[in-house]
Amino acid sequence: MKAILPGAPGDTDRPVILGEALEPEPAISEAVIAVEAYSVNRGETFQLDGGLARRWDGWRPGKDVAGTVVRAAADGSGPAAGTRVVGHPPAYGWAEQVAVPTADLAELPDNVDAVTAAALPLAGITALRLLRAAGPLAGRRLLITGASGGVGHYVTELAAASGAAVTAVSATAERGAKLLDLGAAELVTSVADAAGPYDVVLESVGGDSLPAALTKLTPGGQLVWFGQASREPVTLNFFDFFKGPNQARITHFDYTTSDATYGQDLAALVRLVASGRLHPEIGSIRDWARTADAIADLRGRRARGNVVLTVG
């Protein structure tokens with residue numbers, strides 16, 4: 001079958017190529033999906049660079065897929081053949097077919113198409129779990145950095161719908177304009193421009209952004225650190241905490257840790273989309289032969305929202 005194969009680690013000119021791969025051999029609790037669309041995430045571009053330990057021998061990218069079940073799981077779990085689904089496999093999804101654990105699948109209603117569904121898994125699940133980590137939001141002030149990416153759009157809409165006053169930080173006003181339509185109370189282009197103080201900060205940029213955002217917290221506020229998109233290390237000075245905010249907390253976030261399965265969270269996201277309460281921001285839809293171009297746009301921070309590729 002055809003699949004997107006990784007290039008040499010660090011090869012920015014040819015990070016991926018369209019080639020041939022073996023058809024999936026599903027485990028007993030996995031269904032085989034004919035992929036119609038997938039999305040590209042920034043973390044996968046880091047893996048292609050060789051910068052994350054989770055790249056292994058034989059690895060191929062692909063964590064966000066939507067399509068149709070062509071082979072149901074042998075143990076009888078999950079959807080039957082012919083069912084339209086969205087899934088979050090650990091890898092291998094940028095291909096004509098992929099095996100996905102049935103616990104990581106959710107069925108799609110007729111009014112949610114494959115392109116929209118493919119934008120949901122990693123960004124949407126991360127947003128849901130981030131907001132659970134943040135706790136009750138009604139009446140609270142929330143700051144999110146790196147907000148013009150896929151996670152930021154979901155967080156903004158979900159948090160605003162929960163009653164939070166959201167300040168979104170985007171590199172440019174143009175890239176972040178949609179966030180105001182999704183319910184953000186304020187859009188700024190740097191953490192320094194955020195007035196504060198905030199009860200919760202969701203930080204994903206790293207570098208100078210995190211210590212700057214930390215100073216915007218209320219006393220006893222919480223900063224949830226869920227990424228480092230700039231790839232710049234963070235330096236914190238212990239003595240700065242004495243300047244405030246008093247008793248601030250920094251929480252490390254890992255989206256893979258949850259009591260819910262990926263399938264349960266995907267089903268929740270699908271329900272929200274189907275009912276018109278969640279609106280995935282898809283910045284680009286392209287044929288999968290242009291996956292390398294999509295990766296270049298993500299690396300160059302030219303992509304807004306999710307980038308989706310269609311297969312076939």
Within the range 12-44, of all residues that are surrounded by fewer than 23 Cβ atoms within 10 Å (Cβ to Cβ) and of a type in the set (Val, Ile, Thr), the one farthest from residue 291 (Cα to Cα) is 28
- For the range 117-137, state whether one or more residues are more than 17 Å from the chain's Cα centre (by Cα), outside any loop (DSSP other than H, G, I, E, B) and at pLDDT 95 or above. no
Within the range 251-289, the count of residues that are among the polar types (S, T, N, Q), surrounded by fewer than 16 Cβ atoms within 10 Å (Cβ to Cβ) and under 14 Å from residue 116 (Cα atoms) comes to 1
Those strands (runs of 3 or more DSSP E) completely within the range 179-231 that have 1 or more residues that are over 23 Å from the mean Cα position of the chain (by Cα) and not assigned by TED's automatic domain parsing to the domain that holds residue 305 are 198-203, 217-225
- Task: May I ask you to verify whether residue 154 is in the same structural domain as residue 239 (by TED's automatic domain parsing), touching a Pro at 6+ places or on another chain (Cβ under 9 Å), closer than 22 Å to residue 228 by Cβ and modelled with pLDDT of 95 or more?
- Result: yes
Across the range 94-129, the tally of residues that are closer than 25 Å to residue 155 by Cβ and without any contact (Cβ under 8 Å) to a residue 60 or more places away in the chain stands at 2
* Is at least one residue of the range 288-301 under 20 Å from residue 48 (Cα atoms) and assigned to a loop (DSSP other than H, G, I, E, B)? -> yes
Among 172, 167, the single one that is of a type in the set (S, T, N, Q) and at pLDDT 95 or above is 167
Among (1) farther than 23 Å from residue 48 by Cα; (2) assigned to a loop (DSSP other than H, G, I, E, B), residue 269 falls short only on (2)
**Asked** Is it fair to say residue 89 is buried (at least 21 other Cβ atoms within 10 Å of the Cβ) and either touching a Cys at 6+ places or on another chain (Cβ under 8 Å) or not in a helix (DSSP H, G or I) (or both)?
**Response** yes
Q) modelled with pLDDT under 95, closer than 22 Å to residue 264 by Cβ and outside any strand (DSSP E or B) - does that describe any residue in the range 19-41? A) yes
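The values are calculated or read from the model by the stated rules, or taken from the named source; none is laboratory data. Worth saying up front: this structure is predicted, and the values here are computed from it rather than measured. Don't worry about glycine lacking a Cβ; one is built from the backbone with ideal geometry, like all the others, and counts go over all protein chains shown.
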